[in-house]
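The values are calculated or read from the model by the stated rules, or taken from the named source; none is laboratory data. Everything numeric here is computed off the predicted structure, so don't read it as measured data. No Cβ is skipped: glycine too gets one built from the backbone with ideal geometry, and neighbour counts run over all protein chains shown. Note: accessible area is taken over every heavy atom of the protein model, side chains too, but ligands, DNA and RNA are not part of it. Shrake-Rupley method; radii C 1.70, N 1.55, O 1.52, S 1.80 Å.
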Amino acid sequence: HPNRHTKREERQIRNSFKKCYERYGLDGVYSDLKRKGYTRSYSGMIYAAKRMGLVKYKKAKKKSRKHRRYPELLIPGEKVQIDVKEVPYNCLRGKALRDGKHFYQ
């Protein structure tokens, strides 16, 4: 293809990958190439690197959550949720305040 990377550009990409990829990632490789006179786009560099086998990762797909159906509750009060909160310091009075006690509601 007439717009394909030249052998010199591919060699530059390989060298920059060896030098910068581990520490700086793809952005570091591209900035290193730009300093050396590389004129192609960022996406073009990534495409060439994938074609040469330098980038071997894919984005991991998230596992889809299965909708869990809770078993039907037959008796009232079979399943209870309780939220507990500490009573704020400024609400304490008298002996509880002096002793530094903690109350929960």
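Specify the residue that is farthest from Glu9 (Cα to Cα); the eligible residues are those in segment 26-46 that are open to solvent by less than 40 Å² (accessible area, probe 1.4 Å) and free of Cβ contacts under 8 Å to residues at least 24 places away in the same chain.
The initial filter retains those residues of segment 26-46 that are open to solvent by less than 40 Å² (accessible area, probe 1.4 Å), namely 26, 28-29, 32-33, 38, 44-46.
Restricting the remaining residues to those that are free of Cβ contacts under 8 Å to residues at least 24 places away in the same chain gives 28-29, 32-33, 46.
Working: Gly28: 16, Val29: 13, Asp32: 13, Leu33: 9, Ile46: 13 Å.
Here the answer is Gly28.
Scan segment 10-24 and tell me whether some residue there is in contact with a Ser or Thr (Cβ under 9 Å, 6 or more places away or on another chain) and hydrophobic (A, V, I, L, M, F, W, C).
Yes, because at least one residue in segment 10-24 is in contact with a Ser or Thr (Cβ under 9 Å, 6 or more places away or on another chain) and hydrophobic (A, V, I, L, M, F, W, C).
Given the conditions (1) at pLDDT below 90; (2) in a helix (DSSP H, G or I); (3) surrounded by 10 or more Cβ atoms within 10 Å (Cβ to Cβ), which single one is not true for Arg23?
So Arg23 meets the others, but not (3).
Give the residue that is modelled with the lowest pLDDT, with candidates limited to residues of segment 57-94 that are part of a loop (DSSP other than H, G, I, E, B) and surrounded by 10 or more Cβ atoms within 10 Å (Cβ to Cβ).
Leu92
Ala49: open to solvent by less than 100 Å² (accessible area, probe 1.4 Å) and touching a residue at least 24 places away in the same chain (Cβ under 8 Å), yes or no? Let's see the steps before the verdict.
Values: open to solvent by less than 100 Å² (accessible area, probe 1.4 Å): yes; touching a residue at least 24 places away in the same chain (Cβ under 8 Å): yes.
In short, yes.
Let me spell it out: the conditions are (1) within 25 Å of the chain's Cα centre (by Cα); (2) modelled with pLDDT of 90 or more, and Lys34 meets all of them except one. Which number is the exception?
(1)
So which residues in segment 37-46 are over 23 Å from the mean Cα position of the chain (by Cα) and closer than 14 Å to Phe17 by Cβ, if there are any at all? Step through it out loud before you land on a result.
Within segment 37-46, the first condition is being over 23 Å from the mean Cα position of the chain (by Cα), and the residues that meet it are 37-41, 44-45.
Tyr38, Met45, listed by residue number.
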